Amino acid sequence: MKKPLFPLLFLLVQPALADEQALTKCRLIEDIVERVLCYDKFVDTRFPTESSDSVETSTPPELDESRAVPDAQFLFGTNDAEAKRIVETTLAIEQIDQIEAIVTDVRKSAGRKLTVTLDNGQIWRQLDNDPIGIESGETVVIRKASLGSFLMEKKSGSRNIRVKRAN
C-alpha cells in the first residue's frame, strides 16, 4: 500500500513559505539601512557561520556618525535615483515641487531657444521651440512635470516652456 506524499511535501514546503514571508517583510522596508539589516538578520539566522556572530549589525560603516555625508565611493554603482535619495535622506533635504524666482538675464541662442538666469543663481535652458516672452525683472515659476522634466512659466501668464537646468 502506498503512503500519501502530501504530509511529507507539506513539511518540506512550510519552511520555504516562512522564508518567503520573512524576505517579503524585509523587502517592504523603505529605509535602505534598515532593509539591509533585515536581510542580514535573516541570513544570519538561516545560515549561521562563525563570522556572523562577531559581525556588528547596528549601523553599517558607511553611515556611522563620523561620516554623516555619503562620499563618492559609497555612492559608486548605485543608480542616480537611489544615490539622490540617499543624499537627500542623509542631509534631510526637503522636497519641493516648484520654485519662484526673478529673471536677471535672458539670452537667445541661434536656434531661438532661451537661456534664462535667475536671481538665485540658477541657469535654465529651453528644450522645446515654443515662443514665450520672458524679460529681465519678471517673476517666473519653474515646476516639476512628468518624467523628470520641468516647465517654466511667467507668474502672470499661462503659457509655459519645457526647460532643463544648465548649472
Computed E for residue 85/residue 122 - FRET, C-beta separation, R0 22 angstrom, nearest 0.05
0.50
Just to check I understand the Karplus step: with θ = phi - 60° and J = 6.51 cos²θ - 1.76 cosθ + 1.60, what whole-Hz values come out for the range 102-111, glycine and proline as x?
9, 6, 9, 7, 10, 10, 10, 7, 4, x
Karplus-derived 3J(HN,Hα), 6.51/-1.76/1.60, for each residue of the range 119-132, Hz, glycine and proline x
5, 8, x, 6, 10, 10, 10, 6, 9, 8, 10, 5, x, 8
Ranked from fewest to most other Cβ atoms within 10 Å of their own Cβ, 132, 96 fall in the order 96, 132
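Laboratory data are not the source of any read-out in this text; all were calculated from the coordinates shown. Not measured: the values here are computed from a predicted model. Neighbour counts run over all protein chains shown; Cβ positions are idealised from the backbone, glycine included.
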